[in-house]
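Below is one structure, written out as structure tokens; comments come after it.
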Amino acid sequence: MKESAYWDLFEQAAEALGRGRLAEAEKAFFLGHELAKENRLSLADRAYCNWAAVRMELGERAGLQNGLSRVLGESHDPKARQLAAYNLSGYYQTRNHRAARLYAEMSCRLAETLEDGHAQASSLHSLGLSWAGEGRLESARDCLGRSLEIRSRQEMSAPALVTTAVYAYCAALLGNRSEGFWLVGEAMEGMKHLHFGVYEPAIRLNLGFAHLEWGESDEALDQGRTALQILEDLKSGDEKFARYLIGEALAQQGAEEEALHHFEVLQKAFYPEHPGLAQVMLAVRTSRWMNWLG
């Protein structure tokens, strides 16, 4: 009975997460973890990992590194260990790319042992992000391609669209315009047929930065504005890259006043110690040197 109640909460959380209702998903995952812990269910550790993943999406990371490390090192549930490694890779993705890569590699090995196709594809995606963050774009492309190969044997999903969009951006950075255009087209077509909820900002940002790399400022601006609106609705608190994408696209178009507004919001929210940064960003087209995944 208690395990049935846990799965009811899990389904409720998963549905809310898929629709981008992060606060609702976080609450249901938290209640599921509390229920599993109080009743000594074997699912308690993976329940914690599910809750931790949503906390990270909300920008609430305090204590998660220690909690996930405990699960990875001590849990008797192999699926929980794989989830912990995967979440730790995400935890370090913007902090320490080498650590993110090591945890992603660990998640890949655990997913392979579990023969879990979904986990393998997700872990390879995470590993690809880590390689991209380190500037190893060929390695990133290979991992993302392997992830998509696994996902092609599964039902089309929002995570597959994220991988496709990241792959498109990597192709743009590598100068492979034809492959990048094809991948952008695949992602845009997929977005017509799927509800992608919480995944939409990542999809749109990758597509937007790919367009920016090709000098297509109108398309980049459209993707950036849509991503910003969704991030504001999700209340995730991390609008940095959407603001940058919008500002850079506007600056490329010569709309300096509007571009400066977005650069100033970005600077005040994320770099208050650098009061002159917005003017520098307006004066210099920095996107030619920037890998947003890095």
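Any read-out appearing in this document is the output of simple, stated calculations on the displayed coordinates, not a laboratory observation. No experiment lies behind these values; they were computed from the predicted model shown. Because the Cβ atoms are built from the backbone with ideal geometry, glycine has one as well, and the counts that use them run over all protein chains shown.
Using the Cα centre of the chain as origin and beta-carbon charges of +1 (Lys, Arg) and -1 (Asp, Glu), tell me which of 212, 39, 276 is placed farthest towards the positive end of the dipole.
39
Add -39500 (n - 2.57) for each DSSP H run of 4 or more in the chain, then divide by its residues: what number comes out at 222 nm, to the nearest 500 deg cm²/dmol?
Theoretical 222 nm ellipticity from helices: -24500 deg cm²/dmol.
Could you name the aspartates and glutamates in cross-link range of residue 27, using Cα to Cα under 19 Å and dropping any fewer than eight places away on the same chain?
Answer for residue 27, where 19 Å is the Cα cut-off: 3, 8, 11, 15, 38, 45, 57, 60, 233, listed by chain and number.
Which of 78, 127, 117 sits farthest toward the positive end of the charge dipole of the stretch 77-138, with +1 on the Cβ of Lys and Arg and -1 on the Cβ of Asp and Glu?
Going by the Cα projections, it comes out as 127.
Net charge within 14 Å of residue 180 by Cβ-Cβ distance, Lys/Arg positive one each and Asp/Glu negative one each, not counting residue 180 itself?
-3
Short version: ³J(HN,Hα) in whole Hz for each residue of the stretch 16-31, in order, from phi by Karplus 6.51 cos²θ - 1.76 cosθ + 1.60 (θ = phi - 60°), x for Gly and Pro, what are they?
5, 5, x, 9, x, 8, 5, 4, 5, 5, 4, 5, 5, 5, 5, 5
What does the extension gain come out to for residue 156 and residue 271, with contour length at 0.36 nm per residue minus their alpha carbon separation?
37.5 nm
In nanometres, what is the gap between the two model label sites at residue 149 and residue 235, each 7 Å from Cα along Cα-to-Cβ?
Calculated label separation equals 4.4 nm.
Could you check which residue among 123, 107, 152 shows the biggest mean-square fluctuation in a GNM of the chain with a 10 Å Cα cutoff?
Evaluated over the chain, the most mobile residue of the options is 152.
Let me see the P(r) profile for the chain: every Cα-Cα distance counted, bins of 5 Å, each bin given as a percent of all pairs.
1, 6, 11, 15, 18, 18, 13, 9, 5, 3, 1, 0, 0
Quick one: divide the alpha-carbon radius of gyration of the stretch 157-294 by 2.2 N^0.38 Å and tell me what you get.
Ratio of Rg to 2.2 N^0.38 Å for the stretch 157-294: 1.02.
Assuming R0 = 22 Å, can you tell me the calculated FRET efficiency for the pair residue 69 and residue 34, based on Cβ-Cβ distance, to the nearest 0.05?
For R0 = 22 Å, the calculated efficiency reads 0.60.
Subtract the Cα-Cα distance of residue 3 and residue 261 from 0.36 nm times their separation in residues, and report this length gain in nm to one decimal.
Extra length from residue 3 to residue 261 when fully extended: 87.7 nm.
Hey, how many Å between the Cα centroid of the stretch 191-260 and the Cα centroid of the stretch 1-63?
30 Å
For residue 268, go through the lysines and keep the ones whose alpha-carbon is under 23 Å away, minus same-chain ones fewer than eight residues off.
235, 240
When only DSSP loop residues count, what trypsin sites (Lys or Arg not before Pro) in the stretch 232-294 have their Cβ near at most 10 other Cβ atoms within 10 Å?
Of the trypsin sites (Lys or Arg not before Pro), the ones in loops of the stretch 232-294 whose Cβ has at most 10 other Cβ atoms within 10 Å are 235.
Springs between alpha-carbon pairs under 10 angstrom, Gaussian network model over the chain: which of 194, 161, 129 fluctuates most?
Most flexible of the set in this elastic network: 194.
When the chain is modelled as a GNM with alpha-carbon springs shorter than 10 Å, which of 209, 29, 181 fluctuates the most?
Ranking 209, 29, 181 by mean-square fluctuation puts 181 first.
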